[in-house]
Every structure is written in C-alpha cells, then in structure tokens.
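Down below is the structure, laid out as structure tokens.
Quick note: the coordinates plus some simple rules give every number you see, no bench work behind them. Because the structure is a prediction, the values reported are computed rather than measured. Every residue, glycine among them, receives a Cβ derived from its backbone with ideal geometry; neighbour counts consider all protein chains shown.
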Amino acid sequence: MAFSEEWYETELKSSELETLHRPPTVEYSFYTAVKTGDMETVVANCKEDAFIHLEGTGVLSRNTLTNIKYKQIVICAFFIIVTVALVTRYCIDGGMETEQAYRLSDFYILKMDTCTTVRQIADLHHEMAKDFTGKMVLQKKSSILSKPVVQCVDYIYSHIKERITVAVLAEYTGLSESYLSRVFKQNLGI
C-alpha cells in the first residue's frame, strides 16, 4: 500500500487516536520571549516545567508501554534538540551574532548527550532557555553600542580560536588602536 493511501486510511480512523496536538502558538510565544529577552516569561515557563508536560504531543506508538517510553526520554530529547534549533534561529533573527548562536546551540545539543533522565533534560532545557534569553538581554543593551564596537564583537566571535589583538581589531575597523580602545572603554567599560 502506498504511503498516501495509508495516510488516507489513518485519517479516516483518526477518531481512534483522538489526540489533539497543542497549537504552535504556545511554542512560538516561548521562542519570542527568548528572542526579545523576556526573562520573566522564560523563567515562569521553566518554573511551570512546561517543557516536560507532554500533553498534545500526539501518539508515537500504538503500543501503550512504548508510547509512554517515547514520550518520556525520547520525546524530551527530541524536543530539546528542536527547541535549541528554533531558539537559535529566533535569536539570530533578533540580532544575536550568527556564529555565537550556532556555537551555543552546538554546546547545548552536545550537553544533552549526557542526560539520562527526563529531569536532567528538562533542567538542561531551562538552563539553555535562560542562557539564550540572557544573551538577548545583553544584545538589546548592546544595540546602543557604536558601530566599531559591534564590528569588533562580531569579528571576535567569528575568529574566536585565533589570537586577536587590539592592533588586529584596529586594522579591521580602520581606526587607530588608541581611539578604538577609548571607544571600547566608553561603550563597554573595558
């Protein structure tokens, strides 16, 4: 039987499953809260443990025991990977430097490999959400930074594994080392 026919049959029998999925607006509002640096909403979401409430996530197996198992560890692991990927893209859209966002994403996905319980995955999710949100709060504050400082910060993240000196940054921005140092001090206090 072709997949399209099987899908059609499944749809006709959908009353058997009767599991409605939660609306995507619930997730979108969370991603937007992270993107805009709304730490209050993100912390409230973490306190509610909304991440591990799996109602509305569908039926993943017709075997009840397998369905429960999937919804515990497997789905939580899958959700954190999806959430990290979407939060990363929302934050890039919100102004986070692309390479910084992807490195942070990679960090949390790799950390997820060490999780063995739903609680560990949920705690990692909460830390990830607060970390991205905190960085977006800083991003908002940095939006008042001068163009040379923003250029330097972007350069630093793009060349994080290289030795970077004030001379390199001055050459990159086309400014003198002393002027660039003064601008940094004025903008960032360092």
* Magnitude of the charge dipole, the range 107-164, Cβ model with Lys/Arg +1 and Asp/Glu -1, debye to 20 -> 220 debye
* Asked: Net charge near LYS130, counting Lys/Arg +1 and Asp/Glu -1 over other residues with Cβ under 13 Å of its Cβ?
  -> -3
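Once fully extended, how much extra length lies between THR32 and SER4, figured as 0.36 nm per residue of separation less the alpha-carbon to alpha-carbon distance?
On the way: separation 28, 0.36 × 28 = 10.08 nm, distance 3.52 nm.
Contour length minus Cα-Cα distance gives 6.6 nm.
Kirkwood Rh, Cα Rg: Rg to Rh for the range 87-187?
Working: Rg = 16.6 Å, Rh = 15.3 Å.
That ratio is 1.08, to two decimals.
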* To do: Go ahead and run the numbers for FRET between ASP106 and ILE164, Cβ-Cβ distance against an R0 of 25 Å, rounding to 0.05.
  => 0.75
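Using 0.36 nm per residue, how much length does the chain from TYR179 to LEU20 gain when fully extended, once their Cα-Cα distance is taken away? Don't jump to the answer; show the numbers that get you there.
Working: separation 159, 0.36 × 159 = 57.24 nm, distance 6.02 nm.
Roughly 51.2 nm would be gained on extension.
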* Quickly work out the ILE81-to-GLN120 label distance, labels modelled 7 Å from Cα along the C-beta direction, and quote it in nm with one decimal. => 1.7 nm
* Structure fact -> The summed charge of the LEU86 Cβ neighbourhood (under 13 Å; Lys/Arg +1, Asp/Glu -1) stands at 0
